[in-house]
Amino acid sequence: MKRSIILSVVVLIVVAVLAPLAGSSHIELGRAFAGVSPDHEIFFYARLPRVILALLGGAALSVTGVLFQCMLRDPLAEPYTLGVSSGASVGAVIAICLGWRATGVASLAGAALVLLMVLGMAVEGRRLSSFTLLLTGVTMNSMAFAVILFLHNLASFSQSFAISRWLMGGLEAVEYSTLAWLAVVVIGVSVLVTIYAPHWNLLAVGDDWAASRGVSTVRLTAMGYIAGSVLTGLVTSLTGPIGFVGLIVPHALRLKLGADHRALLPCAFLLGGAFLVACDTLSRTVIAPTEIPVGVLTALCGGPFFLWLLKSRRRSLWL
Amino acid sequence: MTSFVANQLGFAYGLHEATFEFPRNGLITIAGPNGAGKSTLLGILAGLRSPYLGSCTYAGKEVRQWSKREFARKVAFLPQSIRLEFPFTAEEVVLMGRTPYARGWFQTDEDRSAAVDAMTITDTLGFRARDFRSLSGGERQRVILASALTQRPEALLLDEPATHLDLRHQLALYRLLGELAKSLLVVAVTHDLNLALQFSHRVMVLEDGRIAGDGAPRKVLNPELIAHVFGVQATMHGSWMSYEA
């Protein structure tokens, strides 16, 4: 377990250091730090914030994927299963249609609204069950999708383009102040859920199994849902929905490390971050200056790799 | 000395006015037709079904008032089976039983030695590193039992533990439960009256949520009661019985 976490840290550092150096225009690190233009601007204002956003986003989505798969005991669960990101998308689409510039704020509001609605539905009678969560979340997704289709239908040509681009998801450089509070929340929430790693192990087996071994299952399920939704909602409001990361990173790690959440959660945070940074770097370099939507690359790079893992099915730390 | 004491115990559906006292050791089987309330009763004893009506105490304290963690150090519950979606090893499943004792994030030497002890008793040490999902029904059942034993419980509650086992493993399991029952209370729900007859010290028969019989197996499991509760004709052959419709 310690070895796998240390290895993940190393991978993340290597990826995070190399990523900002790659790009369509060649820059030198020395000149960037010396404040020489344009290297300084490219490094600090175009690439570094984007790498940090990818790192935090990948980490948050992967940790959420681990949590939701565990709570729902459903290998197909992912961060978008429980409806919050659909809420974020509806918020953003409404903002685009009304011509508001603050799509991020609107999508955050949409995510928060769905979070509260699902919680309100599911905690009725203090019996929060993963089953109610799943059904409520899936229903929210369908309703949100219907609203998006409706608005898309009414939208003008340019709005329609903006909506499609938003729904594709993608990473852009954001303000350092935004990154700072994102980092605080993502790291804070991830540490909090990782503290409960031994209890997630029991919840992954079953509610009665966990409850009869001293775990407060309702409290833990509620915490997992809120934690995962906060992570997903925040990240989605900044990047739009980016598929595949939250589904495949947890499974790839389980194939290699097993199901123990004490190794799984830290490694999902570290390698999920590294994976999205790597995919985003490819997305802006492969056919530069045109960018490939990062969601396309997460699926195209991650998919074959995952299939290969699935085929080899050998548990070990090294590949 | 008693462990569980139930007085007028009931549940919204499936159990009415059950009154009984369980000793601190011995093997007690609970039998009865489908829907008679066996699993409901076991669930209440395990602290998993609430709110219940009436009273049910363990060691003098109402079951619903125990803290979950404290209770899990006294009473261990074994579900009929568990279905895993994720690749936990047999040993990881066993070690989950140590949760009520955990003080931090890491397992202690005591946890690991408790797991080795429990896996030795249940003869599961040989496949400790295997994926739980790759085990046979009998092996899984023994791993789950080992997990419950690592809780170092005073009482062991089992929901149809022999259902997925072949004949040899059924007998081996009940023999093991009989051994364990020398020092702790073992309560097992079963559909197999011959196992109840052969191994248990006391049998409780439920019918439509009420106790239809409670006492020594030979006395309780008589042809009249079986005809009345199960609707089959039973014939005793010394220490075992046969039935026909």
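Mind listing just one residue for me: the one in the stretch B:34-52 that is in contact with a helix residue (DSSP H, G or I) (Cβ under 6 Å, 6 or more places away or on another chain) and touching a residue at least 24 places away in the same chain (Cβ under 8 Å) and, of those, farthest from B:LEU78 (Cα to Cα)?
If we take residues in the stretch B:34-52 being in contact with a helix residue (DSSP H, G or I) (Cβ under 6 Å, 6 or more places away or on another chain) and touching a residue at least 24 places away in the same chain (Cβ under 8 Å), then B:TYR52 is farthest from B:LEU78 (Cα to Cα).
Out of A:ARG47, A:ARG3, which single residue is surrounded by fewer than 18 Cβ atoms within 10 Å (Cβ to Cβ), of a type in the set (Lys, Arg), in a helix (DSSP H, G or I) and at negative phi?
A:ARG3
Taking the stretch A:205-250, which residues are in a helix (DSSP H, G or I), at the interface with chain B (Cβ under 10 Å from one of its Cβ atoms) and in contact with a Pro (Cβ under 7 Å, 6 or more places away or on another chain)?
Selection gives A:ASP208, A:TRP209.
Does the stretch B:76-85 contain any residue that is farther than 21 Å from A:ASN201 by Cα and surrounded by fewer than 23 Cβ atoms within 10 Å (Cβ to Cβ)?
no
Please go through the stretch A:171-218 and pick out each residue that is more than 23 Å from the chain's Cα centre (by Cα), without any contact (Cβ under 8 Å) to a residue 24 or more places away in the chain and surrounded by fewer than 17 Cβ atoms within 10 Å (Cβ to Cβ).
Across the stretch A:171-218, the qualifying residue is only A:SER216.
Would you mind finding the one in B:GLU85, B:GLU92, B:GLU70 that is among the acidic types (Asp, Glu), part of a loop (DSSP other than H, G, I, E, B) and facing chain A (nearest Cβ under 10 Å)?
Every option except B:GLU85 fails the conditions.
Across the stretch B:196-231, what is the total count of residues that are exposed (fewer than 13 other Cβ atoms within 10 Å of the Cβ) and aliphatic (A, V, I, L, M)?
Total satisfying the criteria: 1.
Please find, among B:VAL143, B:VAL232, B:VAL189, the residue that is closer than 23 Å to B:GLU17 by Cβ and modelled with pLDDT of 90 or more.
That would be B:VAL189, the only listed residue that is closer than 23 Å to B:GLU17 by Cβ and modelled with pLDDT of 90 or more.
In the stretch B:95-110, what count of residues is obtained for those that are more than 7 Å from chain A (Cβ to nearest Cβ) and either over 16 Å from A:ASP260 (Cα atoms) or in a loop (DSSP other than H, G, I, E, B) (or both)?
Here the count works out to 8.
So which residues in the stretch B:154-170 are within 13 Å of B:ILE144 (Cβ to Cβ) and surrounded by fewer than 17 Cβ atoms within 10 Å (Cβ to Cβ)?
Across the stretch B:154-170, the qualifying residues are B:THR163, B:HIS164.
If I filter the stretch A:228-243 down to residues being crowded, with 24+ Cβ neighbours inside 10 Å and of a type outside the set (Ser, Thr, Tyr), which single residue comes out as nearest to A:LEU133 (Cα to Cα)?
Across the stretch A:228-243, the extreme among qualifying residues is A:GLY228.
What's the total number of residues in the stretch A:251-288 that are away from chain B (no Cβ under 12 Å) and in a helix (DSSP H, G or I)?
Number of matching residues: 20.
Among A:GLY65, A:GLY110, A:GLY104, which is within 20 Å of A:LEU234 (Cβ to Cβ) and in contact with an Asp or Glu (Cβ under 7 Å, 6 or more places away or on another chain)?
A:GLY65
Being out of contact with any Leu (no Cβ under 8 Å at 6 or more places or on another chain), among the aromatic types (Phe, Trp, Tyr) and free of Cβ contacts under 8 Å to residues at least 40 places away in the same chain is the filter here, so list the residues in the stretch A:14-64 that pass it.
A:PHE33, A:PHE44
The values are calculated or read from the model by the stated rules, or taken from the named source; none is laboratory data. The structure displayed is predicted, hence computed values, not measured ones. Don't worry about glycine lacking a Cβ; one is built from the backbone with ideal geometry, like all the others, and counts go over all protein chains shown.
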